[in-house]
Ligand code: OFO
């Protein structure tokens, strides 16, 4: 049976993963409307992945005798100044998620909940990958600067991009 405090924290993590999913969905829609088909394909996939991260938490909480709850969150922003802003916001958001995961891992150790601690290691590794990816894409955008041809190629490359090692169901 899961400890009540850990259950609450895991439900908070569900909220964050849901927020990530909705945020990236909104960004995907903005990119699609503005002609960035590669960026939008990448973000639609990323949004789905975040939903997978959320569902993993649902199953874990319920399997341990807790109750996974559907979160209520506000609508994500609809408009973005450009692709650079989108990826800057993704990196900022992922850094927040990483910090929350670290706090959650810490709480598990304090509560001696080693099962949840073990379960969360997947998220710890995933966050390293998520931050690395957002930073790599931002670095590319910095190199491209105002070069429209470069942005065209960036968008085209993202169309077929396959993220490394996302095993979320
Ligand atoms: Fe769930 O990894 Fe991003 O937020």
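On inspection, residue 10 fails the criterion of being over 14 Å from the mean Cα position of the chain (by Cα), assigned to a loop (DSSP other than H, G, I, E, B) and touching a residue at least 24 places away in the same chain (Cβ under 8 Å).
Restricting attention to segment 17-37, the residues that are over 18 Å from the mean Cα position of the chain (by Cα) and crowded, with 19+ Cβ neighbours inside 10 Å total 1. When every residue of segment 91-111 is checked against the conditions, at least one turns out to be surrounded by 14 or more Cβ atoms within 10 Å (Cβ to Cβ), more than 15 Å from the chain's Cα centre (by Cα) and not in a helix (DSSP H, G or I).
The one condition from (1) within 15 Å of the ligand (Cβ to nearest atom); (2) farther than 22 Å from residue 59 by Cβ that residue 110 does not meet is (1).
Filter segment 79-90 down to the residues that are surrounded by fewer than 20 Cβ atoms within 10 Å (Cβ to Cβ) and either free of Cβ contacts under 8 Å to residues at least 12 places away in the same chain or within 11 Å of the ligand (Cβ to nearest atom) (or both) and list them by number. Passing the criteria: 81, 82, 85. Across segment 92-99, not a single residue is classified as within 15 Å of the ligand (Cβ to nearest atom) and at pLDDT below 95. Can you find a residue that is under 20 Å from residue 12 (Cα atoms) and part of a helix (DSSP H, G or I) anywhere in segment 129-149? Taking every residue of segment 129-149 in turn, at least one turns out to be under 20 Å from residue 12 (Cα atoms) and part of a helix (DSSP H, G or I). Screening 74, 66, 35 for residues that are assigned to a loop (DSSP other than H, G, I, E, B) and either within 15 Å of the ligand (Cβ to nearest atom) or in contact (Cβ under 8 Å) with a residue 12 or more places away in the chain (or both) leaves exactly one candidate, 66.
So, in segment 121-169, exactly how many residues are under 15 Å from residue 49 (Cα atoms), surrounded by 16 or more Cβ atoms within 10 Å (Cβ to Cβ) and modelled with pLDDT of 95 or more? Within segment 121-169, residues that are under 15 Å from residue 49 (Cα atoms), surrounded by 16 or more Cβ atoms within 10 Å (Cβ to Cβ) and modelled with pLDDT of 95 or more number 7. Just to verify a result, which residue in segment 43-63, among those that are free of Cβ contacts under 8 Å to residues at least 60 places away in the same chain and under 16 Å from residue 25 (Cα atoms), is surrounded by the most Cβ atoms within 10 Å (Cβ to Cβ)? Here the residue is 43.
The values are calculated or read from the model by the stated rules, or taken from the named source; none is laboratory data. Since we're looking at a predicted model, the values are computed, not measured. Counting neighbours? That spans all protein chains shown, and the Cβs are built from the backbone with ideal geometry, glycine included.
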